[in-house]
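Asks: Before anything else, here's the structure in question.
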Amino acid sequence: MERIWTDHLTVRHHECGPDAKLKLNSLFDYLQDAAAGHADHLGVGIQFLAEHRMLWVLSRVKLRIARMPAIGERICVTTYPSGPEKIFATRQYAVCDEKGELIIYGTSFWLLLDGAKFRPLKPLQHLGNALPANGDQIRYFSGLDKLEGNPAVSELREYTVSHSMIDVNRHLNNAYYAFFTNDALGMMSGAFRSVSEIQVNFNHSGALGDRIVCRGSLSSGCFYVDGRSPDGSVTFFQASGAVNDL
């Protein structure tokens, strides 16, 4: 079994924005696909979890982006488990260009859930040694905390979760929250904006038909975006970070 997993990819046209660089939601797709492929390889992927009535849910992710790769560029997306932290299973990511230079890196926190009760399970107790701790590898970020809300937010746009947004876990795919964040940054600045750092906390799964009202603030290069139910009783996600200069 490979304790470190690498996908070799070429950035395609439809994955890029008007700057001819990889879009944020496409990057999230790359990272999720790499994690899913590695989980399958380790024997704890979607088929195993379905048979044992469990599922993986991405809870938090933090990324630092030196630059996004361009159309046609060949990259390597490397990922590996990095042991438990509290109730979370952690996983690291590194994206390198053809020269081997690190251009994106980050850390994700995952929850292993009971598929019937949707309650967190202890990964080590239920998966044993299937997930290598990789203690000799880099751990980019630790302690991905809860994000504080920003009272200066403005309401930007409402989305309704449609059939095409639902993934194999039957909820809104996580990459859409990056999509919503990119939209929010564009609406707040009047231009397509790329990010240099972002943390996204996935607080509540979006189901078919859910309405998500996105709000945000952008000041001095720093942003905060969240998505809530129309009555404000549910916060689906929060994102914060920094944008690159125009």
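Asks: Among the residues of the range 55-95, what is the count of those that are closer than 23 Å to D145 by Cβ and not in a loop (DSSP other than H, G, I, E, B)?
Replies: Of the residues in the range 55-95, 24 are closer than 23 Å to D145 by Cβ and not in a loop (DSSP other than H, G, I, E, B).
Asks: Pick from A242, A133: which is part of a strand (DSSP E or B) and either surrounded by 14 or more Cβ atoms within 10 Å (Cβ to Cβ) or modelled with pLDDT of 95 or more (or both)?
Replies: Criteria check complete, one pass: A242.
Asks: Being over 20 Å from V243 (Cα atoms), surrounded by fewer than 18 Cβ atoms within 10 Å (Cβ to Cβ) and among the small types (G, A, S), is that true of even one residue in the range 89-99?
Replies: Within the range 89-99 (the criterion being over 20 Å from V243 (Cα atoms), surrounded by fewer than 18 Cβ atoms within 10 Å (Cβ to Cβ) and among the small types (G, A, S)), the answer is no, since none of the residues qualifies.
Asks: Looking at D97, D29, D19, which one is under 17 Å from H171 (Cα atoms), in contact (Cβ under 8 Å) with a residue 12 or more places away in the chain and charged (D, E, K, R)?
Replies: Answer to the selection: D29.
Asks: Hey, another quick one. Out of E148, E101, report the one residue that is closer than 24 Å to E197 by Cβ and under 19 Å from the mean Cα position of the chain (by Cα).
Replies: One residue alone meets the criteria, E148.
Asks: When you scan the range 18-28, do you find a residue that is under 30 Å from G186 (Cα atoms) and at pLDDT below 95, even just one?
Replies: yes
Asks: Given R139, R193, which one is in contact (Cβ under 8 Å) with a residue 24 or more places away in the chain, touching a helix residue (DSSP H, G or I) at 6+ places or on another chain (Cβ under 6 Å) and part of a loop (DSSP other than H, G, I, E, B)?
Replies: Residue meeting the stated conditions: R193.
Asks: Could you say whether any residue in the range 47-58 is of a type in the set (F, W, Y), out of contact with any strand residue (DSSP E or B) (no Cβ under 6 Å at 6 or more places or on another chain) and surrounded by fewer than 14 Cβ atoms within 10 Å (Cβ to Cβ)?
Replies: no
Asks: I would also like to ask the following. Can you name the residue in the range 158-185 that is part of a strand (DSSP E or B) and under 16 Å from R228 (Cα atoms) and is also nearest to the chain's Cα centre (by Cα) among such residues?
Replies: Applying the filter and picking the extreme gives L172.
The values are calculated or read from the model by the stated rules, or taken from the named source; none is laboratory data. Here the structure is a predicted model, which is why all the values come from computation and not from measurement. Cβ atoms come from the backbone with ideal geometry, glycine included; neighbour counts cover every protein chain shown.
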